[in-house]
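S.K.: I'd like to ask some things about the structure below.
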Amino acid sequence: MSKTDNKKDVIIVGTGIAGSLIAKLLTDHVFDVEKGKMIHRADAKKSETIREISILMYEAGLEAGLELDSASSMTTYNEYMRTFYMQEAKVPNSPYPNLKQAPSPNVLDIEPIIPPFPDKKGYLVQFGPMPFASDAIRVGGGTTLHWLGTTPRMLPNDFRLTEKYGIEIDSPDSDQKTPINWPIDYNLLKPYYEMAEFEIGVSGDVSKQEYPISESMEQYYGDYVFPMEEIPQSYMDQKIIDGLTGTNVQLNFQTIPLLMVPSPQGRNSTPNPSYGKTRLIKAEALQSGYQLVLDRSEKEEYKALGAVWNPYMGERCEGNASCVPICPVQAKYNALKTLKKALYKMNDNENLQRNPYLEIKAQSVVYRLSVDENEAISKVHVRRYISKEKTDFVEEVIDTSDSIVILAANAFENPKILLNSKYTVIENGQKVEKIVANRSDQVGRNLMDHMVMLTWGLFPEPIYSYRGPGSTTNISSFRDGDFRSEFSAWISPLDNWGWSWPAFSPGSDVSEFLSEGLFGAALRDALTYRLSRQVLFHFEIEQLPNPNNRVTINDQYVDALGIPRPVVNYDLTDYEKRAMEQAKLASDQMFERLEIEDFTQYNASDNNTFVYNNVRYSYNGAGHIVGTHRMGFTPEDSVTNSYCKSWDHPNLYIVGAGNMTTLGTSNPTLTLSAFTIRSVESILTDLETQFKN
Amino acid sequence: MRQRLINKIEPQETLLKGARALASNTIVSDAISMQSLLTDSSISKADWTEGLKYHSKTLTNLLLNDQIEGFNHYLSTQFGSKISESESSKAKKRLSDVDYRPILQDLLQTAILIEHSTIPPYLTALYSIKDGTNASASQIIRSVVVEEMLHMIMVCNVMNAVSIQPSVNRPQNYPTYPMKLPLNVDFYVGLETFSTNSIATFIAIESPSSPLVKAPTSDHETVSTPLFTKSATAPENNLWTLENMKGFIMENVHTIGEYYDVLFFYIVVFQVIAYYTEHGTLPQNFEELNTGGIFTGDPAKQIRPEQYYGSGGKLHPVESLAGVIAVFQEIKGQGEGVDDSIFDVDPSQFEEGAELAHYFRFKEVFHEHYYLGGDYRPFTDENGMMPVTTPPVGKELPVDWSAAYPMKANPKLSDYTNNKELYAQGLEFNKTYRRLLDAIQSAVEGNQKELEKSIMYMYALKEQAVGLMNQPLNAQSNAGPTFEYTNL
């Protein structure tokens, strides 16, 4: 066992978007010893009275994925591309290293569960009864490497489902009901959404956003534009919009007018001249504590941020149409862009200089935290494996009693580490065993995902699918409404990539026509006919928090480094099932109106399938792994406060999508970025105290 | 990324001292003053040439290095002396006869041709690399070729700024391979597959200046010809003709960087003349020179950054001399850049995020190593200088020279006449290339939207080029794109 002596002010576990955002914002600030305040680097004069914040980041993925100088990062990224081209199944994880020392959940490992026997095929140990259907990747930059990049904000009512719709959920292991309001509301989060949209680089048209909310769009967005102009909607979108504009859908309860809106997204397009100059996310000192603001004093125009290895590559989306799993030119945002800004700072030559105060240790799997008598996190335990091939590892411990520890390892890994961190305290003369950050017994609970029901068919005329980013338009009509007291809200993205997701098109179409004996011109004609008409609708259904949908650990199931694997219990309730029934109603009506020939098929052999009111529905995961360390109002109802700080420990933050109290109908990355950025205010405050002592 | 001018200039003080010396007439100099160069009708061709060498270097160095104050000082020393009434009216008459249009049209079109002539060779080498191999080398060649395209568009912006219609798509705008660059050079540029030979040629294209053009230093004092007393016997004539100005280039200019230096000087000269004929006096500072004069172009014809992206560097619209400076800085900074046989080993050249000049980028491929992270102390002299020829010794850059199509060098469509399908394929490629140039032409005529189409054509070009390179032509070599003019 080796000990690292050189103390760090902050330890961040994970280099995904949450960890990278925090690293970037912290490295942008320094401590002014004279004033006793944190100030932005841009306001710091060269002087000896400045103290830098030293940071150590751990990443379970390979070393190569974190070498972000131009030459290395291009080599590694090209290797991802090559792997992607070679893989037969182009699933989200396919381009990235599949590591036995740091395994990742993979959609290829999902299979139906036959209780009581768990599915142990992949990294997750799934007890079900329904398999959890989403994946993630443990690699430098995290799962943003294969996110789609859609960035809607949450709606105001998403933050107050109990207040607004009276929804309450079970408390863990009791019949008591608990409210599920967030400790923060939309208005509070709004400025942080703007910061997240700046950092990610969101393209979109504010004036075209339309949601079924009681607030006006003026109230919702304010006087605001996205940094970049809208990514053009696809030809298919236009055709569908032409056919549906001004019409309604009749659900069991309500008639709902259809709103087709262009999706804001984290991929580069033309900078919006109205956005003007670039910005700085800057901490302003308050009486006590800090407030982050989007400072507008910069002189440079806002510019699209291209590839990590070449700023002139990926300045615009080129429509490569492989956003998931990999954007070849990095026009789509990934967290490596933010991480590079933490790792390199502008020097006097306006070039980049390696920031010596940030150290990243790759191939390092954090698996346990220790706690001292003051309930502070005193140690972080790490297993660092030596090579990609071997499972040999070095056991490392870092002393963190004077550091702030930030878990940013995703909603599977964060609870896994916490649940593996047991400690004993003496209370009233009795030895009591505790789990880190788990006073509320909420760690690992309320695992959520969007259930993506797909419906697909052939449009009556060619709409030329398979072009452009995955989705450029969504139907926002069902994102909020009174029906939420009865069943889930959902968002319906239109999918530009034909039937590739549900039916593995176009490969499956080729096989089908070949087996019918077609060849030559007839085969070409059949393919042209079908592939140019394929449409696919998503119905991404909100899942409510449920304490029994949870991640636990079990000594019986460990990985190659001897670290526990996430054990998952997961199921749906009638609230979600009913929404799927209603969504299918909506789909049927829209298909009929557009004269789409329905090819949707749900089979008993599908991985995620159920029968509701005698009708079968199947769905997929959305990759939105959310909710296992919820934020809340009190130490009793939640794992963290609204700043993602653990209620139980003075120096522990737990950040990421796991903090989300509820899921809403938005893709979670933008929202998690917003409240992660906000958490930096609290971290800076803690650091100020730390530096003054 | 910020543009960088690698050009190492003389320290400002030396220049100023030199300029002051010229003005106060206490020490003799080797060059006549800028004022004489313009207004004195009696100077000889030889003096004119020497003056041109000196002032093009001095003035260009000042302005392209943003030394506006130094430039103002230089102007005041150059234009300080009084011109007699009779001299003045004679000079005015003579200078107002100088028509900058045909001269700049010729020289700027040549600049476009220089940029254009590099694009097909770079693209050919890029396309010849087999898919999935040589990722780093491909990336480097790509990064250079997109910058050459940017340069071409920016030269068009300069032309539009001075009300000259740029042309990119006519037969005479097409480079014919193999060819020499229209400078004083002794190597040929051609369409060749990716190989050490083709990369060596690219290094030559982008290579730094020969020692022939050197910034003036302390050797002022060794020359004893007094100022303003140059060969009084010269016949009275106008030396500012296309023939003379071009002749100067063909004799004295060996690199693309030098070409732009001289071209820039000519533009400034014409702007000075325009000011002089309009105001009757010579401009005293940069502000007076910056706008008006020859900058009569329609701003609506400028291609602007929002219309052009993803292609190396910033696109500068041009509405004044300041715009020309920005354009030339970008072009020079990205290209060979270096202006002396040695350059200042400013470590920032090799920092992460810095933009390496094309010359060095190609050397990285050739020597299969990056500059970044290398130790150059063994190559460095006591003044911290190293030869530009120093090979990169940083991280390894793996190159598989064999992973390229064995394309016939400088293929012509006529080579394909025996193979109908191949001929049709070759023709189709040339049509796509023509459409690409047509789109650019239309864009620089004011239909900027047309530029969007070029993206589509660039994708098609690659596919069609690779299609050609896949076809065996004979036992040794394959076909390739010919980049020849064709009717649509």
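S.K.: Residues in region A:667-693 that are surrounded by fewer than 22 Cβ atoms within 10 Å (Cβ to Cβ) and over 21 Å from A:ALA283 (Cβ atoms): how many?
M.R.: Qualifying residue count for the region: 0.
S.K.: Looking only at strands (runs of 3 or more DSSP E) that lie completely in region A:1-76, which have at least 2 residues being buried (at least 24 other Cβ atoms within 10 Å of the Cβ)?
M.R.: Per the criteria, A:10-13, A:55-58.
S.K.: Within region A:82-111, track down each residue that is within 14 Å of another protein chain (Cβ to nearest Cβ), over 15 Å from A:ARG138 (Cα atoms) and surrounded by 17 or more Cβ atoms within 10 Å (Cβ to Cβ).
M.R.: A:PHE84
S.K.: Output the residues belonging to region A:314-336 that are within 13 Å of chain B (Cβ to nearest Cβ) and out of contact with any Phe, Trp or Tyr (no Cβ under 9 Å at 6 or more places or on another chain).
M.R.: Correct list: A:GLY314, A:CYS317, A:GLY319, A:ASN320, A:VAL329, A:ALA331.
S.K.: Name the pairs: first residue in region B:283-300 and part of a helix (DSSP H, G or I), second residue surrounded by fewer than 15 Cβ atoms within 10 Å (Cβ to Cβ), Cβ to Cβ under 8 Å, at least 6 apart or on different chains?
M.R.: B:ALA300/B:GLY446
S.K.: Name the residue, out of B:ARG101, B:ARG94, that is part of a helix (DSSP H, G or I) and modelled with pLDDT of 85 or more.
M.R.: On the way: B:ARG94 fails: modelled with pLDDT of 85 or more.
After ruling out the rest, the residue left standing is B:ARG101.
S.K.: Still on this structure: Select, from B:THR225, B:THR196, the only residue that is assigned by TED's automatic domain parsing to the domain that holds B:THR133, over 26 Å from B:LYS92 (Cα atoms) and modelled with pLDDT of 90 or more. Walk me through it before giving the result.
M.R.: Working: B:THR225 fails: modelled with pLDDT of 90 or more.
One residue alone meets the criteria, B:THR196.
S.K.: Say whether the condition of being on the phi > 0 side of the Ramachandran plot and more than 32 Å from the chain's Cα centre (by Cα) is met by at least one residue in region A:499-520. Give the steps one after another, and end with the answer.
M.R.: Taking region A:499-520 first, the residues on the phi > 0 side of the Ramachandran plot are A:504, A:517, A:520.
Okay, now just the ones that are also more than 32 Å from the chain's Cα centre (by Cα), so A:517, A:520.
Scanning region A:499-520, I find at least one residue that is on the phi > 0 side of the Ramachandran plot and more than 32 Å from the chain's Cα centre (by Cα), so the answer is yes.
S.K.: The conditions are (1) at pLDDT below 95; (2) within 14 Å of chain B (Cβ to nearest Cβ), and A:SER288 fails exactly one of them. Which is it?
M.R.: (2)
S.K.: Then there's this: Considering only residues that are more than 10 Å from chain A (Cβ to nearest Cβ) and on the phi > 0 side of the Ramachandran plot, which ones fall in region B:350-386?
M.R.: B:GLU368, B:GLY384
S.K.: Do the conditions hold for A:PRO115, that is, is it surrounded by fewer than 22 Cβ atoms within 10 Å (Cβ to Cβ) and closer than 20 Å to A:PRO325 by Cα?
M.R.: no
S.K.: Any idea which of (1) crowded, with 24+ Cβ neighbours inside 10 Å; (2) within 14 Å of another protein chain (Cβ to nearest Cβ); (3) among the hydroxyl-bearing types (Ser, Thr, Tyr) is the one B:SER138 doesn't satisfy?
M.R.: (1)
S.K.: A further question follows. Checking the conditions here, which among B:LYS53, B:LYS57, B:LYS45, B:LYS93 is free of Cβ contacts under 8 Å to residues at least 12 places away in the same chain, closer than 24 Å to B:THR241 by Cα and in the same structural domain as B:ILE294 (by TED's automatic domain parsing)?
M.R.: Unique residue meeting the criteria: B:LYS93.
S.K.: Might you let me know whether region B:381-396 holds any residue that is in contact with a Gly (Cβ under 7 Å, 6 or more places away or on another chain), under 28 Å from B:PRO178 (Cβ atoms), of a type in the set (Gly, Ala, Ser) and in a loop (DSSP other than H, G, I, E, B)?
M.R.: Within region B:381-396, not a single residue is in contact with a Gly (Cβ under 7 Å, 6 or more places away or on another chain), under 28 Å from B:PRO178 (Cβ atoms), of a type in the set (Gly, Ala, Ser) and in a loop (DSSP other than H, G, I, E, B).
S.K.: Going residue by residue through region B:409-425, is there one that turns out to be among the aromatic types (Phe, Trp, Tyr) and modelled with pLDDT of 95 or more?
M.R.: Going residue by residue through region B:409-425, those that are among the aromatic types (Phe, Trp, Tyr) are B:416, B:423.
Keeping just the survivors that are modelled with pLDDT of 95 or more gives B:416, B:423.
Among the residues of region B:409-425, at least one is among the aromatic types (Phe, Trp, Tyr) and modelled with pLDDT of 95 or more, which makes the answer yes.
S.K.: Would a scan of region A:304-313 turn up a residue that is small (Gly, Ala, Ser), more than 20 Å from the chain's Cα centre (by Cα), more than 21 Å from B:ILE141 (Cα to Cα) and facing chain B (nearest Cβ under 8 Å)?
M.R.: Checking region A:304-313: at least one residue is small (Gly, Ala, Ser), more than 20 Å from the chain's Cα centre (by Cα), more than 21 Å from B:ILE141 (Cα to Cα) and facing chain B (nearest Cβ under 8 Å).
S.K.: Can you spot a residue in region B:73-84 that is surrounded by fewer than 21 Cβ atoms within 10 Å (Cβ to Cβ), part of a loop (DSSP other than H, G, I, E, B) and modelled with pLDDT of 85 or more?
M.R.: No; the residues of region B:73-84 include none that is surrounded by fewer than 21 Cβ atoms within 10 Å (Cβ to Cβ), part of a loop (DSSP other than H, G, I, E, B) and modelled with pLDDT of 85 or more.
S.K.: Tell me the residue from A:ALA335, A:ALA331 that is of a type in the set (Gly, Ala, Ser) and out of contact with any strand residue (DSSP E or B) (no Cβ under 8 Å at 6 or more places or on another chain), please.
M.R.: Exactly one of A:ALA335, A:ALA331 is of a type in the set (Gly, Ala, Ser) and out of contact with any strand residue (DSSP E or B) (no Cβ under 8 Å at 6 or more places or on another chain), namely A:ALA335.
S.K.: For region A:514-595, which fully contained strands (runs of 3 or more DSSP E) count at least 2 residues that are closer than 21 Å to A:SER500 by Cα?
M.R.: Values: elements: A:534-541, A:550-552, A:567-570.
Answer list for region A:514-595: A:534-541.
S.K.: Restrict the check to region B:278-301 and report whether at least one residue is surrounded by fewer than 18 Cβ atoms within 10 Å (Cβ to Cβ), within 25 Å of A:ARG316 (Cα to Cα) and within 14 Å of chain A (Cβ to nearest Cβ).
M.R.: No: region B:278-301 contains no residue that is surrounded by fewer than 18 Cβ atoms within 10 Å (Cβ to Cβ), within 25 Å of A:ARG316 (Cα to Cα) and within 14 Å of chain A (Cβ to nearest Cβ).
S.K.: Please list, ordered by residue number, the helices (runs of 4 or more DSSP H) wholly in region A:151-258 having 2 or more residues that are modelled with pLDDT under 95.
M.R.: Those helices (runs of 4 or more DSSP H) span A:217-221.
S.K.: With respect to the numbered conditions (1) in contact with a Phe, Trp or Tyr (Cβ under 9 Å, 6 or more places away or on another chain); (2) over 28 Å from A:ASN446 (Cβ atoms), which one is the sole condition not fulfilled by A:SER401?
M.R.: (1)
S.K.: From the list B:PHE202, B:PHE265, which residue is under 19 Å from B:ASP106 (Cα atoms), modelled with pLDDT of 90 or more and assigned by TED's automatic domain parsing to the domain that holds B:LYS53?
M.R.: Result: B:PHE265 is the single residue among B:PHE202, B:PHE265 that is under 19 Å from B:ASP106 (Cα atoms), modelled with pLDDT of 90 or more and assigned by TED's automatic domain parsing to the domain that holds B:LYS53.
S.K.: For A:SER378, state whether it is more than 14 Å from chain B (Cβ to nearest Cβ), assigned to a strand (DSSP E or B), within 30 Å of A:ALA560 (Cα to Cα) and in contact with a Phe, Trp or Tyr (Cβ under 8 Å, 6 or more places away or on another chain).
M.R.: When the stated conditions are applied, A:SER378 does not pass them.
S.K.: Same structure, new question: Only residues that are in a loop (DSSP other than H, G, I, E, B), closer than 16 Å to A:ASN667 by Cβ and not basic (Lys, Arg): list them for region A:443-479, please.
M.R.: A:ASP449, A:HIS450, A:PRO469, A:GLY470, A:SER471, A:THR472, A:SER476, A:PHE478
S.K.: Of a type in the set (A, V, I, L, M), in contact (Cβ under 8 Å) with a residue 12 or more places away in the chain and away from chain B (no Cβ under 14 Å), is that true of A:ALA71?
M.R.: No; evaluated as a whole, the condition is false for this residue.
S.K.: Conditions: (1) within 14 Å of another protein chain (Cβ to nearest Cβ); (2) crowded, with 21+ Cβ neighbours inside 10 Å. B:ARG304 meets all but one. Number of the miss?
M.R.: For B:ARG304, the exception is condition (2).
Conditions tested, residue by residue: (1) more than 13 Å from chain B (Cβ to nearest Cβ); (2) more than 22 Å from the chain's Cα centre (by Cα).
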{"residue": "A:GLN265", "(1), (2)": "yes, no"}
{"residue": "A:ASN268", "(1), (2)": "no, no"}
{"residue": "A:SER274", "(1), (2)": "no, yes"}
{"residue": "A:THR278", "(1), (2)": "yes, yes"}
{"residue": "A:ILE281", "(1), (2)": "yes, no"}
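S.K.: Keeping to region A:342-363, report how many residues are within 11 Å of another protein chain (Cβ to nearest Cβ) and out of contact with any Leu (no Cβ under 8 Å at 6 or more places or on another chain).
M.R.: 7
The values are calculated or read from the model by the stated rules, or taken from the named source; none is laboratory data. None of these values were measured; they are calculated from a predicted model. Cβ sites come from the backbone with ideal geometry, for glycine too, and all protein chains shown count toward neighbours.
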